[in-house]
Amino acid sequence: MDGLCREYIKIKGGKPLSGVARIHGAKNAVLPILAATVLNAAENVIEDCPDLSDVRATLEILTALGCEAYFENGRAFVDSKNITTASVPFEQMQKMRSSVIFLGALAARLGEAHMCLPGGCSLGLRPIDMHIEALRALGMEIEVDGLCLHCYAKNLHPAEIRLKFPSVGATENAVLAATATQGVTTITGAAQEPEIDDLLHFLRKQGHLVFSDGKGCITINGKQPLHEAHHRVIPDRILAATLMAGVITCGGDVVLENIRPDHMESVLHVFRNMGAIFIFSQNAVRVKASGNVKGDITVETLPYPGFPTDVQSVCMAALLKSEGIHEIRENIFEDRFRVVSEFEKMGANIIPIGNKVRIVGAKALHGADVEATDLRAGAALCVAALGAEGDTRVFSVHHIKRGYDNLPQILSNMGATAVEKG
Ligand code: UD1
């Protein structure tokens, strides 16, 4: 462990959860929406904005571009009237992959964009060829110079873009770029995640004419008159799934407020098979579980509405000490099983086989010092820790802070013994 990562979350496991937790706004919705605030040259207010390091980094990008951008009491404010540069600073580009969405947004607003290749969690190759192809289809010139990208939007025209895979990032970049073209662009094979719909919803509030048919076809009628926008982001379905996995792991009876079950059908289906009981009321769900998963569970990640790759590792955590033999197949990223060796430190019994893992339910897990290898891996280690005997210390907390607004506090609200130290 390096000296920069000595902060840790300490969790004392082994007791059932009870209490109430509120689901904060969705990271994967708010980041592209913040990038889209550059489009309208006006004020934007984003409500229920979680306090995440990725949100702070995005606001730093907006400030560096010349916007007035700040975060206050769960709200982000961005005034994008004065943008003074089309270059995204290197440091912020390295922090998170979603910063690549500024490519389409800045090119649409200023006619050019400059940045280096994006960073983010190490999950595999993560190329951006589909982003570049989509922008080129709209007439943008893109030069790749070593690790830097230069985009020029001189002769834009509408296009019929067909994505070969429903990439979330490529869909977002294509939509944002297409808002600057005169005429109607269609994107088929587009990602259908709820966070894409939330971005389209926000864009309509700015005055754009953007519509989804709900089946992977998005239509953009570009170059509309724009104005200020006020928007509340959707609840974070990945946070909700993480907390549900926690209840499945150690048993309990909790209420999750601010939830959209219609965004989580594939997750609810799998978690029901794992023995969880969900009782829905308006905007909330009561989650009950015994702490013992019965039967053999098989899960595979797929583009939405399939089971989300972002829930794969927390789902694995919830299976580690359950009876039976379970399989999880990862179809989105090549390298999203790094957490396995950390689970093994806690007594888990996992066999990796290519792009899948077989989990042979261990009788018990024990606390250990473990390392968050990426954002969702970090959350998964916290979930496993809830069901382990003794204390677990999860290091490299900076990964977890990219996507969870004070996870130890959220877990404490659900009756867990969880604190951040260091
Ligand atoms: C993906 C997830 C998203 C999740 C996010 C962070 C999917 C479909 N997307 O979004 O739900 O929130 O990670 O964990 O589940 N790809 C290319 N070329 C491209 C773009 C993507 O080959 O130009 C490949 C990627 O390497 C990956 C797959 O397509 O294997 C999905 O990529 P994409 O949806 O773009 O990734 P994110 O936008 O990061």
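The values are calculated or read from the model by the stated rules, or taken from the named source; none is laboratory data. These figures come from a predicted structure and were not determined experimentally. So basically every Cβ, Gly included, is an ideal-geometry build from the backbone, and we count neighbours across all protein chains shown. With ligands, DNA and RNA removed, areas are computed over all heavy atoms of the protein, side chains included. Shrake-Rupley method; radii C 1.70, N 1.55, O 1.52, S 1.80 Å.
The figures follow:
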| read-out | value |
| --- | --- |
| Lys, Arg +1 and Asp, Glu -1 on Cβ, resulting dipole of the stretch 27-230 about Cα centre, debye, nearest 20 | 420 |
| Mean separation of Cα contacts under 8 Å (6+ apart) over length of the chain, as relative contact order % | 21 |
| Beta bridges by DSSP in the chain, antiparallel share as percent, to the nearest 5 | 75 |
| Sequence-distant residues sharing a close amide H with ASN331 (under 5 Å, placed H) | THR301 |
| Rounded if a/c under 1.5, otherwise prolate or oblate - the stretch 1-71, Cα gyration tensor axes | oblate |
| Choice from HIS150, HIS269, HIS131 with maximal GNM fluctuation in the chain (Cα, 10 Å cutoff) | HIS269 |
| Most positive-pole-ward Cα, ALA245, PRO308, ALA86, against dipole of the chain from beta carbon charges | ALA245 |
| Solvent accessible area, Å² - ASP213, 1.4 Å probe, full protein context | 80 |
| ³J(HN,Hα) computed for each position of the stretch 225-230 - Karplus, 6.51 cos²θ - 1.76 cosθ + 1.60, integer Hz, glycine/proline x | x, 10, 8, 5, 9, 10 |
| Relative contact order of the stretch 323-392, pairs being alpha-carbon contacts under 8 Å that are 6 or more residues apart, as % | 33 |
| Where trypsin sites (Lys or Arg not before Pro) fall in DSSP loop in the stretch 274-348, at most 16 other Cβ within 10 Å | LYS294, ARG338 |
| Choice from HIS227, HIS201, HIS114 with maximal GNM fluctuation in the chain (Cα, 10 Å cutoff) | HIS227 |
| Nearest-10 value in Å² for the accessible area of ASP335, using the 1.4 Å probe | 50 |
| Whether the chain is rounded, prolate or oblate, judged on the alpha carbon gyration tensor where a/c under 1.5 counts as rounded | prolate |
| Loop-located trypsin sites (Lys or Arg not before Pro) in the stretch 1-86, at most 13 other Cβ atoms within 10 Å (DSSP) | ARG6, LYS81 |
| Over the stretch 55-146, relative contact order from alpha-carbon pairs under 8 Å, at least 6 apart, % | 20 |
| Estimated 222 nm signal from helices in the chain, with DSSP H stretches of n ≥ 4 weighted -39500 (n - 2.57), rounded to 500 | -9500 deg cm²/dmol |
| Span from the the stretch 213-244 Cα centroid across to the the stretch 60-94 one, whole angstrom | 20 |
| For THR298, solvent-accessible area (1.4 Å; no DNA, RNA or ligand), Å² | 110 |
| Overall form of the stretch 27-230 per C-alpha gyration tensor (a/c, 1.5; a/b vs b/c) | rounded |
| Point-charge dipole on Cβ atoms (K/R +1, D/E -1) for the chain, about Cα centre, debye to 20 | 760 |
